[in-house]
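Take a look at the structure below.
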Amino acid sequence: MDIAVCRAADVPLLDRALPGPGRTSFHARRFARQRAGECTYLVAWLGGRPVGSAEMRWIGCAAPEVALDCPEIGGVAVRSEERSRGIGTALIRACEELARERGLEVVGIGVAEDNPRAAALYARLGYRPLVRYADRYGYVGADGRDHECVDMCTFLTRRVGG
């Protein structure tokens, strides 16, 4: 498995391999944030195909409940048939390494309350709960209408440097 920074040509491959809801390409939005310098978007490759992705958001968590100034690992996704093979762990560790390279000491990650599998992984990797918050996001559905979503989450942190 290889982990690389997302390129423009990777976005349509990601859309097919890890589709989001509706017409909105989450991958295109993350790639646009990368081009704006707000994040680094990583792609995990196995056998020449994308099997996972994660976004290291240098601008931190947008939720007002999260008052900690640290980068946030977000959008961690692994193809369902590729789970339990260490891909999620490798993506998170790659994000942590990016933070260390910038001299940062703490990183955060949000986990939805209805995702115990991810919560167990993050706890195993040393992340500890900090605060509960509402993650708000939107997308344009297949029906062409805007959809606004709210997921109750817990923001977790881990010391990676210093």
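The values are calculated or read from the model by the stated rules, or taken from the named source; none is laboratory data. The model shown is predicted, which means the values in this text are computed figures rather than measured ones. Here the Cβ is made from the backbone with ideal geometry for all residues, glycine too, and neighbour counts use every protein chain on show. Heads up: the accessible areas ignore ligands, DNA and RNA and are worked out on the full protein's heavy atoms, side chains in. Shrake-Rupley method; radii C 1.70, N 1.55, O 1.52, S 1.80 Å.
Quick one: what pairs do we get from the stretch 1-25, first residue farther than 23 Å from residue 97 by Cβ, second of a type in the set (Lys, Arg) and in a strand (DSSP E or B), C-beta under 9 Å, 6+ apart or different chains?
Every condition considered, the pairs that remain are 13/49; 17/49.
State which residue pairs qualify: first residue among the aromatic types (Phe, Trp, Tyr) and inside the stretch 131-142, second residue open to solvent by less than 20 Å² (accessible area, probe 1.4 Å) and at pLDDT 85 or above in any location, beta carbons under 9 Å apart, and separation of 6 or more residues or different chains.
133/63; 133/66; 133/153; 133/155
Only residues that are modelled with pLDDT under 95, more than 15 Å from the chain's Cα centre (by Cα) and charged (D, E, K, R): list them for the stretch 72-100, please.
Correct list: 81, 82, 83, 85.
Take residue 111 and tell me if it is in contact with a helix residue (DSSP H, G or I) (Cβ under 7 Å, 6 or more places away or on another chain), more than 22 Å from residue 31 (Cβ to Cβ) and buried (at least 21 other Cβ atoms within 10 Å of the Cβ).
Yes; evaluated as a whole, the condition is true for this residue.
Select the strands (runs of 3 or more DSSP E) contained entirely in the stretch 1-70, then report the ones holding at least 1 residues which are in contact with an Asp or Glu (Cβ under 9 Å, 6 or more places away or on another chain), closer than 20 Å to residue 92 by Cα and among the charged types (D, E, K, R).
49-57
Kindly provide the set of residues from the stretch 143-153 that are at negative phi and surrounded by fewer than 18 Cβ atoms within 10 Å (Cβ to Cβ), ordered by number.
143, 145, 146, 147, 148, 149, 150, 151, 152
Given the conditions (1) in contact with a strand residue (DSSP E or B) (Cβ under 8 Å, 6 or more places away or on another chain); (2) open to solvent by 40 Å² or more (accessible area, probe 1.4 Å); (3) not polar (S, T, N, Q), which single one is not true for residue 102?
(1)
Could you look through the stretch 58-86, keep only residues that are open to solvent by 40 Å² or more (accessible area, probe 1.4 Å) and among the charged types (D, E, K, R), and pick out the one that is farthest from residue 11 (Cα to Cα)?
65
Does the stretch 88-138 hold any residues that are among the polar types (S, T, N, Q) and not in a helix (DSSP H, G or I), and which are they?
Matches in the stretch 88-138: 115 only.
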